[in-house]
Amino acid sequence: MIERTRRADSPQRMERINTVLDTADGFGGKTIDTLGSYVLLINNITGPGLVVLPLAYQQSGWIVSSTLLILLGVVSAVCSDMLVEAMSHVPGNSRFEGRVEFTYLARRTFSRGGFYTVLCLFFLSLVSGIISSVVESGQVIDRALLEAGNSCALELYPDAGFICMNSHEDGDEDSIFGSRYVISVGYLVILTLSIPLGLMNLDDNIIVQIISFIGLVIVIIVWTIFFIHHGLDLSICPPVGESTAAMGFLFFNYSYIITIPSWVNEKRPEVPLRSTIWNTAFVGLVMFAVVGLLGSMGHNYGAGADLLSYMLKHHIPTYARVITYFFPMFALVTSIPVFSIIMRYNLLENKICGKFQANFWSVVFPWLLSLFFYGGNTINYMLNWTGIITVGPLNFIVPVLLYLATRQDTPQLPITRRGTEDMKAYTKLASIPEDKEADGEEIEMVISNTIGLNRSQSACTEGYEALPGWSPRAIKYLSWSIIVSAVLLTAYSIASAAASDAGVNI
């Protein structure tokens, strides 16, 4: 039987309407308001990639980096709009009444091989984001403890046992424990804070996201004051740099597009889509430009170093150093549960596993992997390569392909003997079978259960348009321009990063 759901405009907590799948518990409701939407998307845009932007600016040059950030910002908003429209073409979801996650949309649209490719890249991207946030935030807490006297950890390799660093010892550029494999106090603190949030739903995290956004703004303001007061050296950040190997860092900052569907699925109906997407993209761009440009002119970074490692040095004024210790809590820790939740949603909606297994793979498994990247500067190396390999295809190519495919081939509904009116009723059902060849008896049962739904909720209503007023020819040219540009930029970034690893600048 198809379970009836409450109207989307119910004054009570809005439950998930299973437009596509009759999935189990583990999803949030449609309760995220406008403020929550803004802070959630901005927090998704900013993250671990923020602190490596000054290095990218120095290596690539401020003109190249700023131009690329602006282009990526505009294109990311366009791709987000395209992805939202593709979601609206799923039968029964023209007004986003139900739930259509990123990988489920790929499953409906692409071949089996294409779906599994997207699925692997999707989870690789989110897992790398979680690992980056865990490592960077844990390392900052370790340094804070070192400032207070000593910082301890359980060393796993090469010498098993407890190890403590005191304030008179110099640690590695990023990790105070060097290249050792350790479980530090900082690691355990971040684990304790983020895992409970990761077991919740997306809409349950909004209060934490608001606090995080306020704190992040304060941190960036303090950093800006410090850079200006400390003095800016234009010579260390040329207009055009000698290397473009750090392009992956810029890519990584636009990995938020794959999180858009989860937000759309849980936002309140009255929250505007287009203005929210574009406004948050603009705010994120301003934050990137301020941190990247001013940070690159305030200090000459070495290979593999980032803004955090510099701002925590002893010669930095106390006010700037103290506020930097809070950066992981505001910008990194709160992104960990969001990525975990989105991973769980996609595992559940595709029925890959049950809720218990989904929580393990989305919450526990990334934490286990992060132990291998906790020492030394390996996290920046990983961040660069995963950004190059996953972010470009997932966030700039796949959304456009989904958009083009769903515009040209909107899924057709099975024909029944009841005629056109029953076909319209079928598009309003609470759960649409994935099997387009569903037998007539099942379809008749579904239609009979949905025929009484309010006509105002009909999915036949015109859906969301990513490019209103654009001609089909212009849409086609823009779409393929984005795809070709993303492919070329990804290929060039791979070549640049490989050359840099070999000690050659291109």
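Here is how the numbers come out for the structure above:
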{"read-out": "Qualifying residues in the range 178-190 (those that are part of a helix (DSSP H, G or I) and aliphatic (A, V, I, L, M)) - the one surrounded by the fewest Cβ atoms within 10 Å (Cβ to Cβ)", "value": "L188"}
{"read-out": "Search result, residues across the range 191-219 that are more than 23 Å from F360 (Cα to Cα) and either in contact with a Lys or Arg (Cβ under 6 Å, 6 or more places away or on another chain) or open to solvent by 60 Å² or more (accessible area, probe 1.4 Å) (or both)", "value": "I207, I211, I214, I218"}
{"read-out": "Hits in the range 93-109 - residues which are crowded, with 19+ Cβ neighbours inside 10 Å, part of a loop (DSSP other than H, G, I, E, B) and not acidic (D, E)", "value": "N93, S94, F96, G98, R99, V100"}
{"read-out": "Residue within the range 210-217 that is at pLDDT below 85 and either touching a Cys at 6+ places or on another chain (Cβ under 7 Å) or of a type in the set (A, V, I, L, M, F, W, C) (or both) present", "value": "no"}
{"read-out": "Hey, L348 of a type outside the set (F, W, Y) and either open to solvent by 10 Å² or more (accessible area, probe 1.4 Å) or touching a Leu at 6+ places or on another chain (Cβ under 7 Å) (or both) or not", "value": "yes"}
{"read-out": "Every residue from the range 191-210 that is in contact (Cβ under 8 Å) with a residue 40 or more places away in the chain and among the aliphatic types (A, V, I, L, M)", "value": "L191, L193, I195, L197, L199, M200, L202, I206, V208, I210"}
{"read-out": "Test: residue in the range 355-374 that is at pLDDT below 90, buried (at least 24 other Cβ atoms within 10 Å of the Cβ) and not acidic (D, E)", "value": "yes"}
{"read-out": "Unique match (being of a type in the set (G, A, S) and closer than 13 Å to I258 by Cα) among S94, S125, S111", "value": "S125"}
{"read-out": "Qualifying residue in the range 215-223 (condition: assigned to a helix (DSSP H, G or I) and over 25 Å from the mean Cα position of the chain (by Cα))", "value": "yes"}
{"read-out": "Which listed residue is modelled with pLDDT under 85 and open to solvent by less than 10 Å² (accessible area, probe 1.4 Å), from P337, P328", "value": "P328"}
{"read-out": "Count - residues of the range 394-409 that are open to solvent by 30 Å² or more (accessible area, probe 1.4 Å) and assigned to a helix (DSSP H, G or I)", "value": "4"}
{"read-out": "Output for the range 117-166, where each listed residue is part of a strand (DSSP E or B), open to solvent by less than 20 Å² (accessible area, probe 1.4 Å), in contact with a helix residue (DSSP H, G or I) (Cβ under 7 Å, 6 or more places away or on another chain) and touching a residue at least 24 places away in the same chain (Cβ under 8 Å)", "value": "S151, A153"}
{"read-out": "Which listed residue is over 21 Å from L293 (Cβ atoms), at pLDDT below 90 and among the hydroxyl-bearing types (S, T, Y), from S10, S80", "value": "S10"}
{"read-out": "Which listed residue, of T103, T19, T34, is modelled with pLDDT under 90 and of a type in the set (S, T, Y)", "value": "T19"}
{"read-out": "The range 266-314, residues that are open to solvent by 50 Å² or more (accessible area, probe 1.4 Å), under 20 Å from Q59 (Cβ atoms) and part of a helix (DSSP H, G or I)", "value": "L293"}
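Rundown of residues vs (1) of a type in the set (A, V, I, L, M, F, W, C); (2) touching a residue at least 60 places away in the same chain (Cβ under 8 Å); (3) crowded, with 21+ Cβ neighbours inside 10 Å, yes/no style:
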site: G29; (1), (2), (3): no, yes, no
site: L35; (1), (2), (3): yes, yes, no
site: Y38; (1), (2), (3): no, yes, no
site: I42; (1), (2), (3): yes, yes, yes
site: Y57; (1), (2), (3): no, yes, yes
site: S65; (1), (2), (3): no, yes, yes
site: S76; (1), (2), (3): no, yes, yes
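The values are calculated or read from the model by the stated rules, or taken from the named source; none is laboratory data. None of these values were measured; they are calculated from a predicted model. Every residue, glycine as well, gets a Cβ built from its backbone with ideal geometry; the counts of neighbours run over all protein chains shown. Side chains included, ligands, DNA and RNA excluded: accessible areas come from the protein's heavy atoms. Shrake-Rupley method; radii C 1.70, N 1.55, O 1.52, S 1.80 Å.
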